[in-house]
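Asker: I have a structure here, written as structure tokens, and I will follow up with some questions on it.
The values are calculated or read from the model by the stated rules, or taken from the named source; none is laboratory data. Everything quoted here is computed from the prediction, not taken from an experiment. Here the Cβ is made from the backbone with ideal geometry for all residues, glycine too, and neighbour counts use every protein chain on show.
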Amino acid sequence: MSQPVPPISSPVGVIAGGGTLPFAVADSIKSRGLEAVLFALKGFCDPVRAANYRHHWISLGQYGALTRKLREEQCRDLVFIGSLVRPALSEIKLDWGTLRILPRIIGSLRGGDDHLLTAGARIFEDSGFQLHGIKDVAPGLLLPVGPLTGKTPTEAALSDIRKGREVLAALSPFDVGQAVVVIDGHVVAVEDIEGTDGLLARVTALRAQGRLRAKPGRGVLVKLPKTRQDLRFDLPALGPKTIEGTAAAGLAGVAALAENTLAAELQLMIETADQKGLFLTGLPS
């Protein structure tokens, strides 16, 4: 039986990577009457938008500086959010705090993404911090259950969704990706290091090359978290760009696991999908 999550104390430290999600999370934290302090990762977090929040800049590898600033700000509770490319060791700017835990960092880099994130979480927890997921601090940013657009999945699309779920469940132990494209029962492409945008671009290119026989308007992008991934740090994420890419790839719609998928711009996603004639649906667990 899992242990209950301790109450979240203010201020909350937001370790902010790239994209719009760190700011949406900070806004959500504020809406709950808590203070949010951004610890913006240099080279990833948007400096223009970060300027609108109480923030500090941290380079990758400055674990000592980060934990010192967190304690100065009295941030015991943390959330990690935003895009981040796995760094090469040569890109990490080590400080003394990082050197003390360097063997643990090197060990974490040898595994897959799930291993890296979980190992990083343990390092922070061993230093006395409490890590939280989006479900704890910003549940309103999660994809709801059920059809969200005017168009709903056909029987053929529902069959493709089932196939996609089966494929992702089978691949999950190998820490490959979180998304797959299935058209008329055929697995056309699986997400890899390129991410979902790259996956959809690949399908678009296959269609342009005449290598997909199915007419446009068939097939589904299915996106699910991996079975054992730590959902505090690595939830699947959708946005308007995903919808645009799905339309360009000639698919019928998008299906993702409800309450376990980030959708920071949900209304815009729904409006875009309706304009493109796509469906968007939140799958039940």
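Asker: With 26, 36, 40, 16 as the choices, which residue is over 27 Å from residue 195 (Cα atoms), among the hydrophobic types (A, V, I, L, M, F, W, C) and at pLDDT 85 or above?
Answerer: Details: 26 fails: over 27 Å from residue 195 (Cα atoms); 40 fails: over 27 Å from residue 195 (Cα atoms); 16 fails: over 27 Å from residue 195 (Cα atoms).
Sole residue among the options that is over 27 Å from residue 195 (Cα atoms), among the hydrophobic types (A, V, I, L, M, F, W, C) and at pLDDT 85 or above: 36.
Asker: In addition: Inside region 143-160, can you point out the residues that are touching a Gly at 6+ places or on another chain (Cβ under 9 Å) and either at pLDDT below 95 or of a type in the set (A, V, I, L, M, F, W, C) (or both)?
Answerer: The answer is 143, 145, 148, 156, 157.
Asker: Would you tally the residues in region 122-181 being in contact (Cβ under 8 Å) with a residue 40 or more places away in the chain, under 30 Å from residue 34 (Cβ atoms) and charged (D, E, K, R)?
Answerer: Summing the residues that are in contact (Cβ under 8 Å) with a residue 40 or more places away in the chain, under 30 Å from residue 34 (Cβ atoms) and charged (D, E, K, R) in region 122-181 gives 2.
Asker: Of the residues 247, 214, 255, which single one is assigned to a strand (DSSP E or B), more than 30 Å from residue 123 (Cβ to Cβ) and not hydroxyl-bearing (Ser, Thr, Tyr)? Working first, answer last.
Answerer: Details: 247 fails: assigned to a strand (DSSP E or B); 214 fails: assigned to a strand (DSSP E or B).
From the options 247, 214, 255, the qualifying one is 255.
Asker: Go through the residues of region 88-102 one by one and say whether even a single one is at pLDDT below 90, surrounded by 18 or more Cβ atoms within 10 Å (Cβ to Cβ) and among the polar types (S, T, N, Q).
Answerer: Looking for residues that are at pLDDT below 90, surrounded by 18 or more Cβ atoms within 10 Å (Cβ to Cβ) and among the polar types (S, T, N, Q), one finds at least one in region 88-102, hence yes.
Asker: Give 176, 187, 203, 181 a once-over and let me know the one that is of a type in the set (A, V, I, L, M), in contact with a strand residue (DSSP E or B) (Cβ under 9 Å, 6 or more places away or on another chain) and in a loop (DSSP other than H, G, I, E, B). Quick ask: steps written out before the conclusion?
Answerer: On the way: 187 fails: in a loop (DSSP other than H, G, I, E, B); 203 fails: in a loop (DSSP other than H, G, I, E, B); 181 fails: in a loop (DSSP other than H, G, I, E, B).
It is 176.
Asker: While we're here: I'm trying to understand the selection: among the residues of region 258-271, which are surrounded by fewer than 22 Cβ atoms within 10 Å (Cβ to Cβ) and either assigned to a helix (DSSP H, G or I) or small (Gly, Ala, Ser) (or both)?
Answerer: 258, 266, 267, 268, 270, 271
Asker: Examine region 165-187 for a residue that is crowded, with 22+ Cβ neighbours inside 10 Å, closer than 27 Å to residue 268 by Cα and small (Gly, Ala, Ser), and state whether such a residue exists.
Answerer: Checked region 165-187: at least one residue is crowded, with 22+ Cβ neighbours inside 10 Å, closer than 27 Å to residue 268 by Cα and small (Gly, Ala, Ser).
Asker: Would region 1-11 turn up any residue that is assigned to a helix (DSSP H, G or I) and of a type in the set (A, V, I, L, M)? Quick ask: steps written out before the conclusion?
Answerer: Filtering region 1-11 for residues assigned to a helix (DSSP H, G or I) gives none.
No, there is no match, as no residue in region 1-11 is assigned to a helix (DSSP H, G or I) and of a type in the set (A, V, I, L, M).
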